[in-house]
1. So how many residues does region 143-159 have that are in contact (Cβ under 8 Å) with a residue 24 or more places away in the chain and open to solvent by 90 Å² or more (accessible area, probe 1.4 Å)?
2. Please list, ordered by first then second residue, the pairs with beta carbon atoms under 6 Å, 6 or more apart or interchain, first in region 111-140 and open to solvent by 90 Å² or more (accessible area, probe 1.4 Å), second part of a loop (DSSP other than H, G, I, E, B) and of a type outside the set (Lys, Arg).
3. Look at region 80-110 and say how many of its residues are open to solvent by less than 30 Å² (accessible area, probe 1.4 Å) and of a type outside the set (Lys, Arg).
4. Starting from region 174-189, keep only residues that are touching a residue at least 24 places away in the same chain (Cβ under 8 Å) and over 30 Å from TYR144 (Cα atoms), then list their pairs with residues that are open to solvent by 20 Å² or more (accessible area, probe 1.4 Å) and basic (Lys, Arg) whose Cβ atoms are within a distance under 8 Å, requiring at least 6 positions of separation or different chains.
5. Those residues that are free of Cβ contacts under 8 Å to residues at least 60 places away in the same chain and open to solvent by 40 Å² or more (accessible area, probe 1.4 Å), I need them from region 41-71; list them, please.
6. Find the strands (runs of 3 or more DSSP E) located wholly in region 203-256 whose residues include 3 or more that are modelled with pLDDT under 95 and in contact with a helix residue (DSSP H, G or I) (Cβ under 8 Å, 6 or more places away or on another chain), and list them.
7. Criterion first (farther than 14 Å from ALA22 by Cβ and of a type in the set (S, T, N, Q)) does GLN91 satisfy it?
8. Could you give me the residue pairs with C-beta distances under 8 Å whose first residue belongs to region 11-22 and is within 11 Å of LEU69 (Cα to Cα) and of a type in the set (Phe, Trp, Tyr), whose second residue is in a loop (DSSP other than H, G, I, E, B) and at pLDDT 75 or above wherever it lies, and which are 6+ apart or on separate chains?
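The values are calculated or read from the model by the stated rules, or taken from the named source; none is laboratory data. Worth saying up front: this structure is predicted, and the values here are computed from it rather than measured. Don't worry about glycine lacking a Cβ; one is built from the backbone with ideal geometry, like all the others, and counts go over all protein chains shown. These accessible areas exclude ligands, DNA and RNA; they are computed on the full protein's heavy atoms, side chains included. Shrake-Rupley method; radii C 1.70, N 1.55, O 1.52, S 1.80 Å.
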Amino acid sequence: MLYSKLPTVQNRAVMSPEEASAPEHPLQAHLNLPLPSPEEGTTAEIRKIQLRDRIPGLVKRLVPFDGELTWEYWWAVPGRMLLPEDVELLQRDRQRVETILAKLIWLFGGYYFEQTSPRQGELQSLHEWQQIVQRANHLGFNNYLLDIDYLPIAIKPYKNPTSTLSDLPSDCITECVAVEPAHWHIEFFQLRPINGGYDIEEPKPLCSCQIWTGKPFLRSCQTEDCAVRYDLWISKPLDITIPPWRYQPEAILDESSSLTSEVFQ
């Protein structure tokens, strides 16, 4: 177990500022070099510049732990290849990241999802990170890396007459309010070697974990009945990175509020 050496239960939920800080990238000086965004250049063009100038395929992403503490992790930028230095850093930092995830799962519980997993109604949560890892291993994710999104609370009108809610009358489906509390979404992935570096292995089976601060639900505007649903997908990731992963100096302030994680969609 990850916490077999910790002296008290209380410490299992505490993150120190040192633990929250990601290690420095070995190509730190190259992180701010100009590189086209996926909208501005082809994948081949972007990767050619990466190899020539040794520009990492990672940026540092900031993820809230609570209202006062933010933790960091290295995030794979959509459209970029991963250099050998990137992969070495991800592997070296994985234990720190998993220790943080283990704290969150111990506190809130985590839900493991595969392609056929149910997403409606009350689900059984897991409270040990190693239980999640064991399920991922069983699916073939042994030498895995992690993609993490933090999604703030979302409250939106929800109209989808094609949906079926087993615990709501059919005439209530068309007018509901959807609520997704703040949560963390963790995706497992593996790499395949390419010329000069690595790329995310595709296609891959769905293998993810969600850590929720509350239950996502639909509430009928007509009857006020509720149904727990983990398949609403109404929230968007908080996407704050250092440096900003879209190299568009004039537009960064305008776009920062609407950037979303696209790497595994």
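1. Within region 143-159, the subset in contact (Cβ under 8 Å) with a residue 24 or more places away in the chain is 143-156, 158.
Narrowing further to those that are open to solvent by 90 Å² or more (accessible area, probe 1.4 Å): 143, 153, 155.
Counting residues in region 143-159 that are in contact (Cβ under 8 Å) with a residue 24 or more places away in the chain and open to solvent by 90 Å² or more (accessible area, probe 1.4 Å) gives 3.
2. GLN115/LEU206
3. As a first pass, look at region 80-110 and keep what is open to solvent by less than 30 Å² (accessible area, probe 1.4 Å): 81-83, 86-87, 89-90, 93, 97-105, 109-110.
With the extra rule that they be of a type outside the set (Lys, Arg), the set shrinks to 81-83, 86-87, 89-90, 93, 97-102, 104-105, 109-110.
Going through region 80-110 one residue at a time, the tally reaches 18.
4. GLU175/LYS159; CYS176/LYS159; CYS176/ARG219; VAL177/LYS156; VAL177/ARG219; ALA178/LYS156; VAL179/ARG219
5. Scanning region 41-71 gives THR42, THR43, ALA44, GLU45, LYS48, ARG52, ASP53, ARG54, ASP66, GLY67, GLU68, THR70.
6. Values: elements: 208-212, 217-220, 226-228.
By residue number, no strands (runs of 3 or more DSSP E) qualify.
7. Working: farther than 14 Å from ALA22 by Cβ: no; of a type in the set (S, T, N, Q): yes.
No; evaluated as a whole, the condition is false for this residue.
8. Final answer for the pair search is none.
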